[in-house]
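Below: the structure, in C-alpha cells.
The values are calculated or read from the model by the stated rules, or taken from the named source; none is laboratory data. In this text the structure is predicted, and so the values were computed from the model without any measurement. Positions of Cβ are backbone-derived with ideal geometry, glycine not excepted, and every protein chain shown enters the neighbour counts. These area figures cover heavy atoms from the full protein model, side chains too; ligands, DNA and RNA do not enter into them. Shrake-Rupley method; radii C 1.70, N 1.55, O 1.52, S 1.80 Å.
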Amino acid sequence: DFDSKCLKMPCPTLHAHINKAEVIDEFKGFLRHFETKKGLERHLHINLQDRTSWEEHARCQALEKLQNQAEFSEQLILVTFPKKSDFYFQAEDYLKVDSAKDFLKLLEEQVKSGEECGFFFSKYLPKKELNDFVKKILPIIHTHFFKKKVKLERKERLDFIEIFYQFFTLKILELARPDTFSCKDGVDVGSTASAAFFTLIKLLGKEDKWSQEEQDQLYWILCGPALTVRERLVDYQRFSRMASSLSITAQAFAKDHDKIIKALQPLYSAKLFQNLKNEY
C-alpha cells in the first residue's frame, strides 16, 4: 500500500583524504528538494560499505553526520549493511564456525551490536522492532531455505547472509516507507544488491513467469552500470555470490512458495504481499 522509487547512485561523498570525506552539494540539494514537496517525503539510503574498515570509515561517518544535521534529519533515513567485513565473508575467526546454532546467534549479535560490527540504523527506525524482526526471521530462513541443517558450510553461511540482507531490506523499506531509496555503490556492490532485491520482489509475487521485459530490466540493473561507467562486466565475486544466494531462494520458492509466504506474513504488514511488484 505504498510506492518507492529505487534510484541507482554511487556513494554521494567526496573522499579527498583517507581520513576525511564530505557529502557532495548535489546530494544535499537533492534532499532539500523534498522540502518543496507537500507532506513528509523521505529518502532511504542503504549504505553497503563497512564502517569498521579504514578504507570506508570516513565515507560512512560523513553520511552519518549528515543524518544527524537538523537541516536533513527529517528527509534522510540512513541504513548501513557492511559488505566487506570478516563476518560478511565468513573469514578469519568466523571461517570454521559451521554450527548453525552458533552462526545464527553470531548473526543476531552482529546486527544488535550495530556500529561496533559495521551496522548503522537511523534513529527514525524503531530499534526494538528491528531486533525482534531479526530474531524471528533467522529461524524462518534456516527452516525454509536451509532445511534446518545442524551444520552450515561456509558457502551456505555466505548464502544465508545474502538472503537475510534482502529480507531485512524489505522490512526496513516497509518501516521507513520512503518515497525514494538507493544504495552504495552503483557499479558492483550496489548493482548486485539491487538485482537481488528486484528478483526477491518477483519471487514473492504470485506470478512466477518472467516476461522478456523483466529479464531485460534485470540484466540492465545488474550489468548496465559496470558497462557504461567502467566498460567492463560486473565484479565476478559479487556476481557469483548474488547468483548463489538467488539460486537457493528461487529453489525454495518454487517448491514451497505458499508455506514461505505464510511464515513471513506475521513479520510484515498484512497488505505487503498482496500487491507486491516491481514497476519500471
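Among the residues of segment 206-245, which ones are surrounded by fewer than 16 Cβ atoms within 10 Å (Cβ to Cβ), outside any helix (DSSP H, G or I) and within 22 Å of the chain's Cα centre (by Cα)? Once the filter is applied, which keeps residues that are surrounded by fewer than 16 Cβ atoms within 10 Å (Cβ to Cβ), outside any helix (DSSP H, G or I) and within 22 Å of the chain's Cα centre (by Cα), segment 206-245 yields only LEU233.
Conditions tested, residue by residue: (1) without any contact (Cβ under 8 Å) to a residue 40 or more places away in the chain; (2) under 20 Å from the mean Cα position of the chain (by Cα); (3) surrounded by fewer than 17 Cβ atoms within 10 Å (Cβ to Cβ).
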residue: PHE181; (1), (2), (3): no, yes, no
residue: SER194; (1), (2), (3): no, yes, no
residue: ASN275; (1), (2), (3): no, no, yes
residue: TYR280; (1), (2), (3): no, yes, yes
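Touching a residue at least 12 places away in the same chain (Cβ under 8 Å), open to solvent by 20 Å² or more (accessible area, probe 1.4 Å) and in contact with a helix residue (DSSP H, G or I) (Cβ under 8 Å, 6 or more places away or on another chain), is that true of LYS171? Lay out the reasoning, then the answer.
On the way: touching a residue at least 12 places away in the same chain (Cβ under 8 Å): yes; open to solvent by 20 Å² or more (accessible area, probe 1.4 Å): no; in contact with a helix residue (DSSP H, G or I) (Cβ under 8 Å, 6 or more places away or on another chain): yes.
Taking the combined requirement at face value, the residue does not satisfy it.
Is there a residue in segment 92-101 that is among the small types (Gly, Ala, Ser), under 30 Å from LYS259 (Cβ atoms), open to solvent by 10 Å² or more (accessible area, probe 1.4 Å) and modelled with pLDDT of 95 or more? The answer is yes, given that some residue of segment 92-101 is among the small types (Gly, Ala, Ser), under 30 Å from LYS259 (Cβ atoms), open to solvent by 10 Å² or more (accessible area, probe 1.4 Å) and modelled with pLDDT of 95 or more. I need every pair where a residue in segment 246-267 that is within 12 Å of ILE137 (Cβ to Cβ) has its Cβ under 7 Å from the Cβ of a residue that is open to solvent by 90 Å² or more (accessible area, probe 1.4 Å), sequence separation at least 6 or different chains. Filtered contacts from segment 246-267: LEU267/LYS136. Run VAL134 past the list (1) in contact with a Leu (Cβ under 9 Å, 6 or more places away or on another chain); (2) not in a helix (DSSP H, G or I) and report the number of the one that doesn't hold. VAL134 satisfies all of (1) in contact with a Leu (Cβ under 9 Å, 6 or more places away or on another chain); (2) not in a helix (DSSP H, G or I) except (2).
Scan LYS171, LYS148, LYS202, LYS206 and give me the residue that is at positive phi and either touching a Leu at 6+ places or on another chain (Cβ under 8 Å) or not small (Gly, Ala, Ser) (or both). Walk me through how you get there before you give the answer.
Numbers: LYS171 fails: at positive phi; LYS202 fails: at positive phi; LYS206 fails: at positive phi.
After ruling out the rest, the residue left standing is LYS148.
Across segment 248-271, the number of residues qualifying as closer than 16 Å to PHE197 by Cβ, part of a helix (DSSP H, G or I) and either in contact with a strand residue (DSSP E or B) (Cβ under 8 Å, 6 or more places away or on another chain) or not hydrophobic (A, V, I, L, M, F, W, C) (or both) comes to 1.
Selection of segment 109-145 for residues being among the hydroxyl-bearing types (Ser, Thr, Tyr) and open to solvent by 20 Å² or more (accessible area, probe 1.4 Å) yields SER113, TYR124, THR143.
When segment 17-36 is filtered for residues that are in contact with a strand residue (DSSP E or B) (Cβ under 9 Å, 6 or more places away or on another chain), of a type outside the set (Val, Ile, Thr) and open to solvent by less than 90 Å² (accessible area, probe 1.4 Å), the ones remaining, listed by number, are ALA21, PHE27, PHE30, LEU31, PHE34. Which residues, taken from segment 146-160, are closer than 23 Å to GLY205 by Cα and either crowded, with 21+ Cβ neighbours inside 10 Å or touching a His at 6+ places or on another chain (Cβ under 6 Å) (or both)? Within segment 146-160, ASP159, PHE160 meet the criteria.
LEU106 meets all of the listed conditions (1) over 30 Å from ALA254 (Cα atoms); (2) out of contact with any His (no Cβ under 8 Å at 6 or more places or on another chain); (3) crowded, with 16+ Cβ neighbours inside 10 Å but one, namely (1). For segment 76-131, a tally of residues being within 25 Å of SER182 (Cβ to Cβ), of a type in the set (Ser, Thr, Tyr) and touching a residue at least 40 places away in the same chain (Cβ under 8 Å) returns 4. Of the residues making up segment 45-68, just one is open to solvent by 20 Å² or more (accessible area, probe 1.4 Å), polar (S, T, N, Q) and within 22 Å of LEU175 (Cβ to Cβ), namely ASN68.
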